[in-house]
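Structure first, commentary second.
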Amino acid sequence: MRFLRRVLSLAAVAIIATYGLFSFGHVRALSQSTPSAAILIGQIKITSSNGQFVSLYNNTGADIDMSTVQLAYYNYYDLNSTKLTSSRYIPLSGKLASHNYYMVSDGAMTICYKMMVNAMSLGFSSTAGTVQVTQNGPSNILDSVAWSKTAVTTPTGVQTLPTSTSGFLQRAWVAGVSKTTNDPWISVTPSATDACDLQTQIAASSTPSAPVATDAPQKVTTVAPTPDTTAANNLGLVAPEITELLPNPAAPQSDDTDEFIELYNPNDSVFSLSGYQVQVGTSYSRGYIFKSETLQPKSYTAFTIVDTNLQLSNTEGQARLQSPDGTTISETPGYESAPEGQSWSIIGDSWQWTDTPTPNAANLPSAIVPADPAATSTAAKTTTAKKTAAAKKTTGKVAGASTTTPSADAANLNDAAPLHPLVLAGVGAAAVAYAIYEYRRDVANRFFQLRRYLRGRRAARAEV
């Protein structure tokens, strides 16, 4: 048995060492990929849903059997990080002609240049990841690209994903210049009028220059960004605030159409919401960016789930409003267990539930239900009768007795039946039993101390 344990331990060490060498070889091969590789990555689009694709380019003068080529995907941009938790290989097929393109896509797409298309599920992370092109085995890495949703500086070469959902990354290849793995990446976006017309933005202070990419797969022109007039339009205005949420509408309303988030504009002028974002959820994982919506002066505006596609949780949640630069300008406190038909509203200086939702209007507290007039009349008659009876009882007074008429409460107390002696005895017995149970250990200790004391006395007397 001891020998078997030793053999298994040695085998485990060998497996771990092999895996470590394999991983190290992977990372090292990534940094040593050949600049003029046979296959290069020309474009890559990463989204949070369908529409992802990778475009490959045959950089040789001969056809390539794509069954010898694979895509290696890792769910983080740093292959040496502990945040790298999964990877997989995507086999390819077909034959790619010399200096032609091969597109791997998981959804419908517009064909803008000659290519071979291979449709398959990709499932790349929209937060961070790495894709390598390998041939004839995982150690032969031809090209790679790593990406992150936010800008990172370590390791170098990680590309920042475009903020536009239609944007993607493309290599800046120039006509007449050899293509290599060292060519830079640029962020491009199809124009609104032509999906094949790719554009990349330059700084607003720069002058548009010649296209940064003049070679296939697609030419890219530089354009100056559209001036942001939102800040100018709202100059000098007070920021709007969130005033009401309806997470759980009551029938006949429904969660699918009638949930809403209400904003209030305290200004005397129209407030532009262009570029502002409202986010919901305990971690603000879901949001909606306003496009051209506006808030009228001194008005409440409710945006329903139909407008924003934001569903409010019935169990717990909150909401916040952010300006285009990401600054939070209004935020609700969190709520729990939304009552049906009630809205989470700011009334006065505090947030509270109200059973009177008021979309597009000032908030109201919960309605106070008036007492039933019939019940009020009956109660009044009963009180009057009791007072009359009490007055009659005090008609025959003894000398020196008070002439004050007793109140109804005093009469009720005098008429109350006294407690039965057995009830009092039972309560007392229960109290004693509880005291014995609560102090049982102290009583036991005292008992044992007494026994030891008595034994000691008897022993002392016996010695005498």
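The set of residues in the range 339-354 that are in a loop (DSSP other than H, G, I, E, B) and either among the charged types (D, E, K, R) or within 15 Å of Tyr300 (Cα to Cα) (or both) comprises Glu340, Asp349. Filtering the range 113-143 to residues that are in a strand (DSSP E or B) and more than 31 Å from the chain's Cα centre (by Cα) leaves Met115, Met116, Val117, Asn118, Ala119, Val133, Thr134, Gln135, Ile141, Leu142, Asp143.
With respect to Ala210, determine if the residue is under 25 Å from Asn50 (Cα atoms), in a loop (DSSP other than H, G, I, E, B) and at pLDDT below 60. Answer is no for this residue. Can you name every residue in the range 161-173 that is under 24 Å from the mean Cα position of the chain (by Cα) and either under 17 Å from Tyr73 (Cα atoms) or surrounded by 15 or more Cβ atoms within 10 Å (Cβ to Cβ) (or both)? Across the range 161-173, the qualifying residues are Leu161, Pro162, Gly167. Scanning the range 243-278 for residues being acidic (Asp, Glu) and surrounded by 22 or more Cβ atoms within 10 Å (Cβ to Cβ) gives a total of 3.
Of the candidates Tyr89, Tyr73, the single residue that is within 35 Å of the chain's Cα centre (by Cα), surrounded by fewer than 13 Cβ atoms within 10 Å (Cβ to Cβ) and part of a strand (DSSP E or B) is Tyr89. Of the residues that make up the range 279-295, is at least one surrounded by fewer than 19 Cβ atoms within 10 Å (Cβ to Cβ), in the same structural domain as Glu244 (by TED's automatic domain parsing) and either farther than 30 Å from Thr127 by Cα or touching a His at 6+ places or on another chain (Cβ under 9 Å) (or both)? Among the residues of the range 279-295, at least one is surrounded by fewer than 19 Cβ atoms within 10 Å (Cβ to Cβ), in the same structural domain as Glu244 (by TED's automatic domain parsing) and either farther than 30 Å from Thr127 by Cα or touching a His at 6+ places or on another chain (Cβ under 9 Å) (or both), which makes the answer yes. Checking the range 418-428 against the condition returns no match, with no residue being at positive phi, more than 60 Å from the chain's Cα centre (by Cα) and at pLDDT below 60.
For the range 307-314, the condition of being free of Cβ contacts under 8 Å to residues at least 40 places away in the same chain, not in a helix (DSSP H, G or I) and not basic (Lys, Arg) holds for at least one residue.
Ala146 - would you say it is in the same structural domain as Asn58 (by TED's automatic domain parsing), touching a Ser or Thr at 6+ places or on another chain (Cβ under 8 Å), part of a loop (DSSP other than H, G, I, E, B) and closer than 15 Å to Asp78 by Cα? No.
A quick yes/no check of all residues on (1) within 15 Å of Leu56 (Cβ to Cβ); (2) in contact with a helix residue (DSSP H, G or I) (Cβ under 9 Å, 6 or more places away or on another chain); (3) surrounded by 19 or more Cβ atoms within 10 Å (Cβ to Cβ); (4) touching a residue at least 40 places away in the same chain (Cβ under 8 Å):
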site	(1), (2), (3), (4)
Thr85	no, no, no, no
Lys95	yes, yes, no, no
His99	yes, no, no, yes
Ser105	yes, no, yes, yes
Ser125	no, no, no, yes
Pro138	no, yes, no, yes
Asp143	yes, no, yes, yes
Thr150	no, no, no, no
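Scanning the range 356-371 turns up no residue that is under 19 Å from the mean Cα position of the chain (by Cα) and surrounded by 13 or more Cβ atoms within 10 Å (Cβ to Cβ).
Yes or no, residue by residue, for (1) under 30 Å from Trp173 (Cβ atoms); (2) at pLDDT 90 or above; (3) within 33 Å of the chain's Cα centre (by Cα); (4) among the hydroxyl-bearing types (Ser, Thr, Tyr):
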site	(1), (2), (3), (4)
Leu198	yes, no, yes, no
Thr229	no, no, yes, yes
Val238	no, yes, yes, no
Asn248	no, yes, yes, no
Phe260	no, yes, yes, no
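Looking across the range 108-123 at every residue that is β-branched (Val, Ile, Thr) and touching a residue at least 12 places away in the same chain (Cβ under 8 Å), the one that is surrounded by the most Cβ atoms within 10 Å (Cβ to Cβ) is identified as Val117.
For the range 94-112, the candidate set comprises residues that are hydroxyl-bearing (Ser, Thr, Tyr) and assigned to a loop (DSSP other than H, G, I, E, B); within that set, the residue that is farthest from the chain's Cα centre (by Cα) is Ser98.
The values are calculated or read from the model by the stated rules, or taken from the named source; none is laboratory data. Please read these numbers as outputs of a predicted model, since none were measured by experiment. A quick note on method: Cβ atoms are made from the backbone with ideal geometry, for glycine too, and the neighbour counts reach across all protein chains shown.
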